[in-house]
Amino acid sequence: MGDQPSTRVDEWVPASVDVTVPSMARTYDFLLGGGHNFAPDRDLAVRVEQLMPGAGKIARLNRAFLGRAVRFLTDQ
């Protein structure tokens, strides 16, 4: 079925990035439905959702607000 995830990682992740340790940026990406995250990031997102139900929805609302704020500022 196409490339294995470990092969694809080599294509876009710098060698200095440790993909075995969760990153809040990649966890946020996962909560937003993005594809630039790894198992540790997804595991952390699941734990965050358990501690704070609705965290994914909050992340999406935050992103929508940021979009509106930037559009407003560019129109000024």
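A few comments on the model shown:
- Summed over region 53-65, residues that are open to solvent by 80 Å² or more (accessible area, probe 1.4 Å) and in a helix (DSSP H, G or I) total 6.
- Being touching a Phe, Trp or Tyr at 6+ places or on another chain (Cβ under 6 Å) and either at pLDDT 95 or above or in a helix (DSSP H, G or I) (or both) is a property that Asp41 has.
- Filtered residues of region 18-51 (kept if of a type outside the set (D, E, K, R), over 21 Å from Arg63 (Cβ atoms) and open to solvent by 80 Å² or more (accessible area, probe 1.4 Å)): Thr20, Gln50
- Cβ pairs under 8 Å, 6+ apart, first in region 49-69 and over 12 Å from Tyr28 (Cβ atoms), second modelled with pLDDT under 95 and surrounded by 10 or more Cβ atoms within 10 Å (Cβ to Cβ): none
- Filter result (closer than 19 Å to Gly54 by Cβ and outside any loop (DSSP other than H, G, I, E, B)) within region 17-37: Met24, Thr27, Tyr28, Asp29, Phe30, Leu31
The values are calculated or read from the model by the stated rules, or taken from the named source; none is laboratory data. Given the structure is predicted, the values throughout are model-derived calculations rather than measurements. So basically every Cβ, Gly included, is an ideal-geometry build from the backbone, and we count neighbours across all protein chains shown. For the accessible areas, the whole protein counts, side chains as well, though only heavy atoms, and no ligand, DNA or RNA atoms are used. Shrake-Rupley method; radii C 1.70, N 1.55, O 1.52, S 1.80 Å.
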